[in-house]
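Down below is the structure, laid out as structure tokens.
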Amino acid sequence: MDALGIADGAAVADLGAGGGWFTIRLARRVGPNGRVYAEDIQPQMIESIQRRVEREGLKNVTLVHGTATDPRLPPAALDAVLIVETFSEMEDPVTLLRNLARSLKPRGRVGIIEFKADGLGPGPALEERVDERHVLDATARAGLVLLRRETFLRYQYMLVFGPGS
């Protein structure tokens with residue numbers, strides 16, 4: 001979250017939110033003046049997050065049922081988007097990322113975290129890992145610009161992107 005500059009009052013999205021682990025942490029981070037959009041394409045994941053959000057008493061989470069190619073997030077509204085271990089599940093990452101880019105504010109950031117393709121350490125099977133070059137190619141084709149690589153993760157890589165010109 002620090003790597004994306006996520007602070008109190010920010011508007012952020014958890015793309016491919018799954019069970020909501022990051023959604024809950026993001027909601028606490030942005031506080032009551034911020035907004036978290038928990039996006040997933042699976043209705044059962046949205047329902048699971050809804051239960052978690054209610055149990056935690058969080059009022060700053062909006063659930064979004066996206067599609068495989070459109071996350072259905074509000075235009076020009078997001079300070080940051082977090083995508084964790086979701087890239088391998090994307091059917092058409094370029095189209096999805098193009099649609100996602102429309103939701104970024106001019107200085108918005110997209111952070112993508114995936115397990116390193118070298119297979120070292122814990123994580124998914126090798127065939128489920130996404131090589132960094134594939135992510136870089138898809139994001140470039142979607143019009144996103146690499147801003148930096150974060151190196152604080154041992155078995156994963158984090159790439160931070162911004163909107164292109």
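The values are calculated or read from the model by the stated rules, or taken from the named source; none is laboratory data. These numbers were taken from a predicted model, which means no experiment stands behind them. Note: ideal-geometry Cβ built from the backbone for every residue, glycine included; neighbour counts use all protein chains shown.
Computed quantities for the displayed model
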read-out	value
Every pair of residues 6+ apart whose Cβ atoms lie under 7 Å, when the first sits in the stretch 82-93 and is assigned to a strand (DSSP E or B) while the second is modelled with pLDDT under 90	LEU82/LEU4
Selection status of LEU97, touching a residue at least 24 places away in the same chain (Cβ under 8 Å) and part of a helix (DSSP H, G or I)	yes
SER48 being at pLDDT below 95 and either polar (S, T, N, Q) or touching a Ser or Thr at 6+ places or on another chain (Cβ under 7 Å) (or both)	no
Answer residue from the stretch 122-153, given it is touching a Lys or Arg at 6+ places or on another chain (Cβ under 9 Å) and among the basic types (Lys, Arg) and is farthest from PHE87 (Cα to Cα) among those	ARG141
The stretch 79-116, residues that are under 12 Å from the mean Cα position of the chain (by Cα) and aromatic (Phe, Trp, Tyr)	PHE87
